[in-house]
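The values are calculated or read from the model by the stated rules, or taken from the named source; none is laboratory data. Not measured: the values here are computed from a predicted model. For neighbour counting, all protein chains shown are included, and Cβ atoms are generated from backbone atoms with ideal geometry for every residue, glycine included.
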Amino acid sequence: MRNFRKLHVWSDARILVKEVYFLTSKLPQTEKFGLISQINRRAVSIPANIAEGSAKDSQKDFIRFLQISLGSSFELETHLIICNDIDFLNTEESTIIISKIQQLQNEL
């Protein structure tokens, strides 16, 4: 069993969650149950799945949970690209956060 608290990727994912929540607080409240909810859930699922996977006994199971985290990160990136497409975010904001997501994807 691994200690997820010592995993650099888990720490980076937690930082990303905080940044995503800050960003979604700027989105229109009409999206509270739409994009905001989807974006926040995807962000939270990344470190949560890393932590869950760290409790697995086999390397294969751990890798599977890292892949789930990676999938969540791709979903998160897509949601933010859509927010940019429909002008909910400015290009600078979305470029910065998407860059951080892509860095995290490379760690996973």
message: Looking only at residues that are farther than 16 Å from Lys6 by Cβ and among the small types (Gly, Ala, Ser) in the stretch 44-63, which one is farthest from the chain's Cα centre (by Cα)?
response: Ser58
message: Go through (1) in contact (Cβ under 8 Å) with a residue 40 or more places away in the chain; (2) surrounded by 14 or more Cβ atoms within 10 Å (Cβ to Cβ) for Gln103 and report which single condition fails.
response: (2)
- prompt: Would you say Phe4 is more than 18 Å from Gln105 (Cα to Cα) and among the aromatic types (Phe, Trp, Tyr)?
  reply: no
- prompt: So which residues in the stretch 1-20 are part of a helix (DSSP H, G or I) and either of a type in the set (D, E, K, R) or out of contact with any helix residue (DSSP H, G or I) (no Cβ under 9 Å at 6 or more places or on another chain) (or both)?
  reply: Arg5, Lys6, Asp12, Arg14, Lys18, Glu19
query: From the residues in the stretch 69-84 that are of a type outside the set (Gly, Ala, Ser) and either within 9 Å of the chain's Cα centre (by Cα) or more than 15 Å from Thr24 (Cα to Cα) (or both), which one is surrounded by the fewest Cβ atoms within 10 Å (Cβ to Cβ)?
result: Phe74
query: So Leu89 clears everything in (1) touching a Lys or Arg at 6+ places or on another chain (Cβ under 8 Å); (2) modelled with pLDDT of 95 or more except one condition, right? Which one?
result: (2)
- line: If we ask which residues in the stretch 70-95 are touching a residue at least 24 places away in the same chain (Cβ under 8 Å), part of a helix (DSSP H, G or I) and within 15 Å of Asn40 (Cβ to Cβ), their number turns out to be 9
field: Top-ranked residue in the stretch 21-40 [being among the hydrophobic types (A, V, I, L, M, F, W, C) and assigned to a helix (DSSP H, G or I); ranked as nearest to Ser94 (Cα to Cα)]
entry: Leu23
task: Return a yes/no flag: does the stretch 46-58 have any residue that is part of a loop (DSSP other than H, G, I, E, B) and among the basic types (Lys, Arg).
output: yes
- request: Output the residues belonging to the stretch 24-63 that are within 21 Å of Asn84 (Cβ to Cβ), surrounded by fewer than 16 Cβ atoms within 10 Å (Cβ to Cβ) and free of Cβ contacts under 8 Å to residues at least 24 places away in the same chain.
  value: Ser25, Gln29, Thr30, Lys32, Phe33, Gly34, Ser37, Arg41
